[in-house]
Amino acid sequence: MIMRLALGAGLLSGASLCVAGPAGDAVRGATVYERCLACHALAYDRTGPRHCGLLGRKAGSVPGFPYSPAMRASGLVWDQAALDAFLRSPMDSVPGTSMGYAGIPDPQERADLIAWLRQADSSPECKARK
């Protein structure tokens, strides 16, 4: 019984590693973020909402931003897993979203972008918004 529990715990921790995906590189993520600049900025809203404070924020919650009803009702909180799924295919992740972007199919690019967003939240540009 103890051996089964230990084996099960080992399998679960291995599964967690697989779900986490590749480690992100914030330097490469800055290059990926350049694609986002057509609609987004870190510290202010554009066609899309600002990205300062994104990680940990409830989807559809930036005050005054005109989100789609689907995004406001999604119940998502932007953590690593939610961002990864959304960035892979926004319209599959939140059907009815107004984000008309096909997504980022490469898991490494998504991980890099998320690492950059995490790091950018500590930037002077974002700190000035807090």
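For residues that are in contact with a Ser or Thr (Cβ under 6 Å, 6 or more places away or on another chain) and aliphatic (A, V, I, L, M), tally how many sit in the range 64-81. Counting residues in the range 64-81 that are in contact with a Ser or Thr (Cβ under 6 Å, 6 or more places away or on another chain) and aliphatic (A, V, I, L, M) gives 2.
All of (1) surrounded by fewer than 16 Cβ atoms within 10 Å (Cβ to Cβ); (2) within 16 Å of F86 (Cα to Cα); (3) at pLDDT 95 or above hold for Y33 with one exception: (1).
For the subset of the range 85-97 comprising residues that are part of a loop (DSSP other than H, G, I, E, B) and either of a type outside the set (S, T, N, Q) or touching a strand residue (DSSP E or B) at 6+ places or on another chain (Cβ under 6 Å) (or both), which member is surrounded by the fewest Cβ atoms within 10 Å (Cβ to Cβ)?
P95
Residues that are outside any helix (DSSP H, G or I) and without any contact (Cβ under 8 Å) to a residue 40 or more places away in the chain were ranked within the range 102-130; the one that is nearest to A43 (Cα to Cα) is S122. Taking (1) at pLDDT below 95; (2) loosely packed, with under 15 Cβ neighbours inside 10 Å in turn, V27 satisfies each apart from (1). For the range 55-84, filtered to residues that are in a loop (DSSP other than H, G, I, E, B) and touching a Leu at 6+ places or on another chain (Cβ under 6 Å), the residue that is farthest from G96 (Cα to Cα) is W78. Inclusion of A81 among residues that are buried (at least 16 other Cβ atoms within 10 Å of the Cβ), closer than 20 Å to L117 by Cα and not charged (D, E, K, R) is not warranted.
The values are calculated or read from the model by the stated rules, or taken from the named source; none is laboratory data. Keep in mind that this is a model prediction, so the values were computed, not measured. Quick reminder, even Gly has a Cβ in these numbers, built from the backbone with ideal geometry, and neighbours come from all protein chains shown.
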